[in-house]
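To start, the structure under review is shown below, and the notes come after it.
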Amino acid sequence: MSFTSFKKRYKIELNRQQEEAVQAVNGAVLLLAVPGSGKTTVLIDRLGYMIFDCGVDPENILTITYTDAATKDMKQRFIARFGQEYGNQVEFRTINGISHKILMYYGRKIGQKPYEIIENRVKAALLKNIYKNITGKFSTENDIKNIETGITYVKNMRLSREEIIKWKTEVDRFPDVYNLYQKELKNRNLIDYDDQMVYALMILEKIPGMLEYFRGKYRYICVDEAQDTSKLQHDLIDLLAGEDGNLFMVGDEDQSIFGFRAAYPEALISFEKRYKNGKVLLMEPNYRSNEEIVTAANMLIRDNKNRHDKNMTAIRPSGGKLNNIAVRSRKAQYSYLIKVARNCDRETAILYRNNESALPLIDVLERENIPYRMKNRDMTFFTHPVVTDISDYIRLCIDPCDDEAFLNIYYKMGAGISKVNAQKAVEMNRRKKPLMELMDELDISSYTRKKCRALATHFRNMRNENTGKAIYRILNFMGYSEYLNDHGMDAGKTEILQLLGDQESDIFNFLPHLENLREVISNRPGDDKCYGRGSVAKQNGVYDLEEEDSNLDIKNNCNLILSTIHSSKGLEYDRVYMIDMMNGILPSAPDPAGRKNADQAEIAMYEEERRLYYVGMTRAKNELDIFTFGDIDTSSFSKKVFGMKETDRYIGKKSSGLADRSFPEKRKSTAKKHSEYKKIRTDYSGKK
């Protein structure tokens, strides 16, 4: 069958670059596919072409995808086009899936059952115990998440013992935690999902006959989302394919945004070096977004240096909207979004870098019963040390005799209270007198006495304040900002707490309300369920189609979607709002390129953050709205998109991959008073 006949038989329509990719069957090929270029269609059509036009045995084809969901989707799409029979013969697997198959095959060969995979709940409990034994501290959800992320990172980057010791992380004594975790796994005859790949690679490298068997079985390997693949995974794929094998990798280093999970876009950039006879093909037309959005996104990403040279072009004509929404504050941003949510008559995604950015919005949506969907949830905000510290300040305000809260924060108030005197005050406490007032009865310095009297007054005044103002008082008059600065902690959490506090006038209700918000998010049943008032039946705050008309489409009754940019990858929306695009959040630190002695890690981090912004932009089909916040706070990426001058450089506080908000000194504003927000519409060049 000729290629022309193949296209006609299966009603395939492709552009020139797509046709070239479909027909690239032999040898090593890297296909760089820009957002919205139809890469999945090309992958599926190429599989059909290999089988029906090139005579490739479908059982010799292995197609590797990044997630289980993507594996199922690709298989279903292949079956829909080419039939069930061939769909059952072509293997669609994740890298973990093929690693599991290698372990099982080896186990049968030697007559032993491979180690079992540790269950998530067992893993979490094990890590909690290890963390307590190593550090002497109880772990929070935030700690466990950071440990798990760290373990995944070091295994997937194939770090040596020496490199693990030098690796920077927020986890206390991480190398010790990691080593004890690995020892416990071995003692229990268990492995984790990352170990599956580690051991699979080891078997292929060291066990005679294993590599030859799998290379013979999988003579053609296709890899989707190659930019999200780790160094460990690339090494495994390279070994399976062989230097002269038939490897077809589809990806785009411009969309590599999972560095914290050890994504390794360098493997795409170095493809020609690894495969001497390899070819690099491009798919540059974008079928998803209007010209205005495509042009602006392409202009932004071309500032990255560590990439292949390619130009994303728009197939759809102009007529879309790229809007700069200028607001005076984050609070004004949320006020604007609530108005959008109240009248959301079309598919609208609100995208943000960090999950915490959605909390003030979710709070108001819940209060007003406005329907929304949420793509992902993350509970670590509520157990972050900054949040628990502020909560302890509020507890001590509500109950001035709260021993536990006092002992948690006495040394964070900047009053010079010693541990000995703090314990004496607790011993003197008979629930009759506030602890801060008891300090006045102890033998302390005049400085500490003066500070404690002031703190006692602040705690009393907090009881009659709006919670947002009370948190502002804690930060600016009760020593906590100095503590954050001295310890390099994430101050961004405090701004979110203030925004939540502004919605709660009575400080006595704030902590129960915070816990209720946590429960609302924790109990969210899934992406296809909707919160708030709507036209479908509601049970316990969640809409359930089975209660009423099962023909109703939940997505048509709930147009508002909240998502991190990471979770939105691979998806598209009619209208997109990008919120909290601020210096200190995205990007988290200033551009290191113009600074002397900037190291490669800093440059790589900044380029990944630019890619993250780019991925957010390219989710929008018809309208993209981005909030800006004035000269200093507005993201440098937003300034590039809208042609705004880089008149100020902000002071960025560097952290281990997490965004820190840094607050420059307030400058006197000469601007005239205006309404809470105003909307400025611009085209991609920034012209009004």
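The values are calculated or read from the model by the stated rules, or taken from the named source; none is laboratory data. Quick caveat, the model's predicted, so the values are computed rather than measured. Positions of Cβ are generated from backbone atoms using ideal geometry, with glycine treated the same way; all protein chains shown enter the neighbour counts. Heavy atoms of the whole protein, side chains included, go into the accessibility calculation; ligands, DNA and RNA do not. Shrake-Rupley method; radii C 1.70, N 1.55, O 1.52, S 1.80 Å.
Remind me, relative contact order of the stretch 392-502 in percent, using alpha carbon pairs under 8 angstrom and six or more residues apart?
The normalised contact order for the stretch 392-502 reaches 26 percent.
Of 333, 423, 563, which is farthest on the positive side of the dipole of the chain, counting Cα position, with +1 on Lys and Arg Cβ, -1 on Asp and Glu Cβ, and the Cα centre as origin?
After comparing all options, I get 333.
Compute the separation of the alpha-carbon centres of the stretch 183-226 and the stretch 381-413 and state it in Å as a whole number.
Result: 48 Å between the Cα centres.
What whole number of Å gives the distance from the Cα centroid of the stretch 36-71 to the Cα centroid of the stretch 464-508?
Cα centroid to Cα centroid, the span is 53 Å.
Lone cysteines in the chain, defined as no other cysteine's Cβ under 4.7 Å from theirs: which are they?
54, 222, 344, 397, 401, 452
Order these peptides, 590-596, 138-144, by their mean beta-carbon neighbour count within 10 angstrom, highest first.
Output ranking for 590-596, 138-144: 138-144, 590-596.
Out of every Cα pair in the chain, what percent are spaced more than 44 Å from each other?
Summing the P(r) of the chain above 44 Å gives 30 percent of all pairs.
Can you send over the solvent-accessible area of residue 206, 1.4 Å probe, protein chains only, in Å² to the nearest 10?
140 Å²
What translational diffusion coefficient, in µm²/s and rounded to a whole number, does the Stokes-Einstein relation yield for the stretch 367-488 at 37 °C and a viscosity of 0.692 mPa s, taking the hydrodynamic radius as the Kirkwood radius over Cα pairs?
For these conditions, the coefficient is 211 µm²/s.
Report ³J(HN,Hα) in whole Hz for each residue of the stretch 396-407, in order, from the Karplus equation J = 6.51 cos²θ - 1.76 cosθ + 1.60 where θ = phi - 60°; Gly and Pro get x.
Running phi through 6.51 cos²θ - 1.76 cosθ + 1.60 with θ = phi - 60° gives 5, 5, 5, 10, x, 9, 6, 4, 4, 4, 4, 5 Hz.
Provide the packing ranking of 222-231, 25-34, i.e. peptides ordered by the mean count of other C-beta atoms within 10 Å per residue, highest first.
222-231, 25-34
Roll a 1.4 angstrom probe over the protein heavy atoms and tell me the percent of accessible area of the stretch 110-207 that is carbon or sulfur.
48 percent
Name the residues whose placed amide hydrogens come within less than 5 Å of the amide hydrogen of residue 577, ignoring near sequence neighbours (fewer than 5 apart) on the same chain.
Amide H neighbours of residue 577: 349, 350, 351, 625.
Run through the DSSP bridge list for the chain and note the antiparallel percent, rounded to the nearest 5.
Taking every DSSP beta bridge within the chain, about 20 percent pair in antiparallel fashion.
How many nm separate the modelled label positions at residue 287 and residue 272, each set 7 Å beyond the Cα in the direction of the Cβ?
2.9 nm
Using 0.36 nm per residue, how much length does the chain from residue 89 to residue 423 gain when fully extended, once their Cα-Cα distance is taken away?
So the chain would gain 113.2 nm between residue 89 and residue 423.
Give the total of Lys-Lys pairs in the stretch 336-488 with Cα-Cα distances below 22 Å; include a pair only if its members are 8 or more places apart or on different chains.
19
What residues have an amide H closer than 5 Å to that of residue 225, excluding those fewer than 5 places away on the same chain, when H is modeled at 1.01 Å from N in the peptide plane?
250
For 161, 173, 619, give the ranking by accessible area with the largest first, probe 1.4 Å.
161, 173, 619
Quick check on the chain: helices-only [θ] at 222 nm, where DSSP H runs of length 4 and up contribute -39,500 (n - 2.57) each and the sum goes over total residues. Nearest 500, please.
The helix contribution divided over the chain gives -14000 deg cm²/dmol.
In square angstrom, what is the accessible area per residue of the chain with a 1.4 angstrom probe?
47 Å²
Between the stretch 242-284 and the stretch 123-168, what is the C-alpha centre distance in whole Å?
29 Å
Any chance you could run the full-extension gain for residue 260 through residue 340? It's 0.36 nm times the residue separation minus the Cα-Cα distance, nm to one decimal.
The residue 260-residue 340 span can extend by a further 25.5 nm.
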